[in-house]
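See below for the structure under consideration.
The values are calculated or read from the model by the stated rules, or taken from the named source; none is laboratory data. In this text, all values refer to a predicted model and were calculated from it rather than measured experimentally. As a convention, Cβ positions derive from the backbone with ideal geometry for all residues, glycine included, and neighbour counts pool all protein chains shown. In case anyone asks, the SASA skips ligands and DNA or RNA and just uses the protein heavy atoms, side chains included. Shrake-Rupley method; radii C 1.70, N 1.55, O 1.52, S 1.80 Å.
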Amino acid sequence: QMSTDLQRKLALHLFKDVVSHISFFSEIDDLLLGEICMSLRTKIFLPGDMIFFKGDVGKELFIISKGVVEVIRDDLPLSKRRDAPKILLENGSFFGEIALVMEVRRTCSVQARTVCEVNILQQNAFDAILLDNPHFARRMNELVVARQLDSCMARSHQKGVDFQVSQSDMDFAIL
């Protein structure tokens, strides 16, 4: 049996390239990154396998090590789906990150297009890491709120609605 320190170093060696390019993991030290890497679980999906469905409660982040997945635009009406450009994600891409910090329903389905090796970080494992690292937890909350706000503002702008959010409102939302 390996010591925890050796397990962390081995996990970091195996997965650092996979997770370090993800924006919210890019500025953390190797000790914390090693904890995250130790929590990753690898799963293989075959072409046509559904990784998750729209409406599922999200409880994990997915990082594609190898392969290609398609985000199925089942958030759009059937009439608009045919004309919508395909969203393909491949090696190094990630999806489902909002589920790490809040339990939300998936807005789209995701399906494997090729044989895929996907690393999965479960919400409960990530919660334990956040409890031990309050500064990182606050940073994650800031990033998720900012990302959701950007998404909401982009959708509103597409509908012709323009609004701004003050810094004090942002600070309140993060608490």
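Does residue 80 meet the test of being touching a residue at least 40 places away in the same chain (Cβ under 8 Å), open to solvent by 70 Å² or more (accessible area, probe 1.4 Å) and not aliphatic (A, V, I, L, M)? Talk me through it step by step, then tell me what you get.
Numbers: touching a residue at least 40 places away in the same chain (Cβ under 8 Å): no; open to solvent by 70 Å² or more (accessible area, probe 1.4 Å): yes; not aliphatic (A, V, I, L, M): yes.
No: the conditions fail for residue 80.
Hey, could you check segment 1-37 for residues that are in contact (Cβ under 8 Å) with a residue 24 or more places away in the chain and exposed (fewer than 14 other Cβ atoms within 10 Å of the Cβ) and say which is nearest to residue 144 (Cα to Cα)?
Narrowing segment 1-37 to residues in contact (Cβ under 8 Å) with a residue 24 or more places away in the chain: 7-9, 11-12, 15, 18-19, 21-24, 28, 32, 34-37.
So of that shortlist, the ones also exposed (fewer than 14 other Cβ atoms within 10 Å of the Cβ) come out as 21, 23.
Details: 21: 17, 23: 11 Å.
That would be 23.
Take residue 63 and decide whether it is farther than 30 Å from residue 12 by Cα and at pLDDT 90 or above.
Values: farther than 30 Å from residue 12 by Cα: no; at pLDDT 90 or above: yes.
So residue 63 fails the test.
Of all residues in segment 57-70, how many are of a type outside the set (S, T, N, Q) and within 15 Å of residue 43 (Cβ to Cβ)?
In the first step, residues of segment 57-70 are kept if they are of a type outside the set (S, T, N, Q); the result is 57-64, 66-70.
Add one more test, that the residue is within 15 Å of residue 43 (Cβ to Cβ), and what stays is 59-64, 66-67, 69.
Residues meeting the conditions: 9.
Applying the selection to segment 108-151, what residues are free of Cβ contacts under 8 Å to residues at least 40 places away in the same chain and within 29 Å of residue 78 (Cβ to Cβ)?
150, 151
Tally time: how many residues in segment 62-76 are among the charged types (D, E, K, R) and crowded, with 16+ Cβ neighbours inside 10 Å? It would help to see each step written out before you state the result.
Within segment 62-76, the subset among the charged types (D, E, K, R) is 66, 70, 73-75.
Pick out the ones that are also crowded, with 16+ Cβ neighbours inside 10 Å and you get 70, 73.
Total meeting the criteria: 2.
Can you spot a residue in segment 129-147 that is open to solvent by less than 100 Å² (accessible area, probe 1.4 Å), within 22 Å of residue 86 (Cα to Cα) and at pLDDT 90 or above? Reasoning before the result, please.
Going through segment 129-147, the residues open to solvent by less than 100 Å² (accessible area, probe 1.4 Å) turn out to be 129-130, 133-134, 136-137, 140-146.
Narrowing further to those that are within 22 Å of residue 86 (Cα to Cα): none.
The answer is no, given that none of the residues of segment 129-147 is open to solvent by less than 100 Å² (accessible area, probe 1.4 Å), within 22 Å of residue 86 (Cα to Cα) and at pLDDT 90 or above.
I'd like to check something: does segment 24-46 contain any residue that is small (Gly, Ala, Ser) and part of a helix (DSSP H, G or I)?
Going residue by residue through segment 24-46, those that are small (Gly, Ala, Ser) are 26, 34, 39.
Applying the additional criterion that residues be part of a helix (DSSP H, G or I) yields 34, 39.
Yes.
Considering segment 109-123 alone, what residues qualify as being under 16 Å from the mean Cα position of the chain (by Cα), farther than 19 Å from residue 22 by Cβ and open to solvent by 20 Å² or more (accessible area, probe 1.4 Å)?
Step one: filter segment 109-123 for residues under 16 Å from the mean Cα position of the chain (by Cα), giving 109-111, 117-123.
From what is left, the residues that are farther than 19 Å from residue 22 by Cβ are 109, 111.
Selection gives 111 alone.
How many residues, within segment 38-59, are surrounded by fewer than 19 Cβ atoms within 10 Å (Cβ to Cβ) and within 22 Å of residue 20 (Cα to Cα)?
Initial filter on segment 38-59 (surrounded by fewer than 19 Cβ atoms within 10 Å (Cβ to Cβ)): 38-39, 41-44, 46-50, 53-57, 59.
Checking the rest, the ones that are also within 22 Å of residue 20 (Cα to Cα) come to 38-39, 41-44, 59.
Residues flagged as surrounded by fewer than 19 Cβ atoms within 10 Å (Cβ to Cβ) and within 22 Å of residue 20 (Cα to Cα) within segment 38-59 amount to 7.
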